[in-house]
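Coordinate-derived values only; no laboratory data. Here the structure is a predicted model, which is why all the values come from computation and not from measurement. Counting neighbours? That spans all protein chains shown, and the Cβs are built from the backbone with ideal geometry, glycine included.
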Ligand SMILES: [Fe+2]
């Protein structure tokens, strides 16, 4: 794919996000399964349903732009998910594992916030108002997921994990 102008880069970034979202959709059920806290399990399951909607929104974006969604592999998301899988394979105390799952999930969210922030800015510059509206809804969902994870961590999980004995 040749990148001649901002629109080409915009499409490239959207394809990267599309692939990232699809990777996240596969990873979230595994993270929900690994979580012990009901709040955290619910947060992952809710975000899985949001992610499915976000993928549909991206499908609409590609349709409006007359482009195909495929063609990019998000290597960064692959790496973030690989690290999450590595930590999930550790023999950790359940509360400590929950804290680790939140740490991994927030890396995912921050990557997405950066990605959607960029495509929102590009859509605005390029005058794609309807597309901007769709992308902005997802950006706000990612931000609120991130904040919800912070709140679960700070109000419960980190405290429980801190108070484990250990050595
Ligand atoms: Fe997402």
Nearest 10 degrees, 0 to 90: what angle lies between the long axis of helix 6-34 and the longest principal axis of the chain (Cα atoms)?
20 degrees
Acute angle (nearest 10 degrees) that the helix 38-65 long axis makes with the longest principal axis of the chain, alpha-carbon atoms
10 degrees
For region 88-167, state the average projected area of the convex hull of the C-alpha atoms over all orientations, rounded to one decimal in nm².
6.1 nm²
If you bin every alpha carbon distance in region 6-162 into 10 Å steps from zero, what whole percent lands in each bin?
11, 41, 30, 14, 4, 0
Could you give the angle, 0 to 90 degrees to the nearest 10, between helix 75-88's Cα long axis and the longest principal axis of the Cα atoms of the chain?
10 degrees
Estimated distance in nm for a label pair at residue 155 and residue 3, the labels positioned 7 Å out from Cα along Cα-to-Cβ
4.1 nm
